[in-house]
Amino acid sequence: LPQHRPVMNELDNKVAIITGASKGIGKSIAIRFAAEGCRVVLVSRTESALQQVAQEIEEQGGIALAYAADVTDPVDVNQVVERTISEFGQVDILVNNAAVIHPVINVVDFELVEWERIITGNLTSVFLMSRAVLPQLIKQQSGHIINVSSIGGRRGGKGRSAYRASKAALINFTETLAAEVCEQGIL
């Protein structure tokens, strides 16, 4: 019988920071990355939910660090990146998945404070996380930044102005960032 050599997985020994990792898409990404050999840093505002995800990953043999943080706060964001580098010595992947949505509200009834909460949560947070991790990725001359948008970023919809505007801007930000960092090995 032919000998089978273990296949090296692309995520083996990589380190990923995943925002919005306490539930939904972010949780699924974290569990899958960990199953593929990636060490994951779980970020969300809800400590208890993060600890449950970390425990699930560790029970399956993965390595997870839970970090309760507000990705709209520059201090929290910088601490997440600093702690990740301190703990693991590197960052290879950033998944900007955290997002907020609003109820159906027509523009005429939209309060500025709610508009700003959505734009900050869905767009400014991605800028802050990306900016914080970029010096490490540039130093390594490698890495990936994955920004999770929505089909809502490609077309408008009644009562969804802030959410869809933030997701459209996120798509453009992602394309712009890619153009800035591709020559440094960052995809």
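The values are calculated or read from the model by the stated rules, or taken from the named source; none is laboratory data. All values reported here derive from a predicted model rather than from experimental measurement. Heads up, the Cβs are rebuilt from the backbone with ideal geometry, glycines too, and the neighbour counts pull from every protein chain shown. Remember, those area values only see protein heavy atoms, side chains included, never the ligands or the DNA or RNA. Shrake-Rupley method; radii C 1.70, N 1.55, O 1.52, S 1.80 Å.
Just a few scattered comments:
- Flag for residue 105 being open to solvent by less than 50 Å² (accessible area, probe 1.4 Å) and more than 24 Å from residue 186 (Cα to Cα): yes
- The range 52-63 residues that are farther than 16 Å from residue 37 by Cβ and open to solvent by less than 90 Å² (accessible area, probe 1.4 Å), paired with ones that are polar (S, T, N, Q) and at pLDDT 95 or above (beta carbon under 9 Å, 6 or more apart): 53/22; 53/44
- Failed item, numbered, when residue 92 is tested on (1) without any contact (Cβ under 8 Å) to a residue 60 or more places away in the chain; (2) open to solvent by less than 50 Å² (accessible area, probe 1.4 Å); (3) closer than 30 Å to residue 12 by Cβ; (4) acidic (Asp, Glu): (1)
- Residues being open to solvent by 50 Å² or more (accessible area, probe 1.4 Å) and not small (Gly, Ala, Ser) - total across the range 40-51: 4
- Residues that are modelled with pLDDT under 95 and open to solvent by less than 30 Å² (accessible area, probe 1.4 Å) do not occur anywhere in the range 130-141.
- Considered as a group, the residues in the range 132-187 that are of a type in the set (Lys, Arg), in a helix (DSSP H, G or I) and without any contact (Cβ under 8 Å) to a residue 24 or more places away in the chain include one that is nearest to residue 83 (Cα to Cα), and that residue is 139.
- Filtered residue count, the range 142-159, keeping only those that are open to solvent by 70 Å² or more (accessible area, probe 1.4 Å), more than 17 Å from residue 177 (Cβ to Cβ) and within 16 Å of the chain's Cα centre (by Cα): 0
- Entry remark, the range 19-78: residues being under 13 Å from residue 125 (Cβ atoms) and of a type in the set (Ser, Thr, Tyr) number 3 in total.
- Selected residue (criterion: farthest from residue 73 (Cα to Cα)) from residues of the range 19-39 that are open to solvent by less than 80 Å² (accessible area, probe 1.4 Å) and either touching a Gly at 6+ places or on another chain (Cβ under 7 Å) or of a type in the set (Lys, Arg) (or both): 35
- Any hit, the range 3-20, residues being touching a strand residue (DSSP E or B) at 6+ places or on another chain (Cβ under 9 Å) and part of a helix (DSSP H, G or I): no
Residue-by-condition table, conditions (1) in contact with a strand residue (DSSP E or B) (Cβ under 8 Å, 6 or more places away or on another chain); (2) in a loop (DSSP other than H, G, I, E, B); (3) not β-branched (Val, Ile, Thr):
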position: 58; (1), (2), (3): yes, no, yes
position: 66; (1), (2), (3): yes, no, yes
position: 72; (1), (2), (3): no, yes, no
position: 82; (1), (2), (3): no, no, yes
position: 95; (1), (2), (3): yes, no, no
position: 98; (1), (2), (3): yes, yes, yes
position: 101; (1), (2), (3): no, yes, no
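- Residue 14 farther than 16 Å from residue 125 by Cβ, basic (Lys, Arg) and without any contact (Cβ under 8 Å) to a residue 40 or more places away in the chain: no
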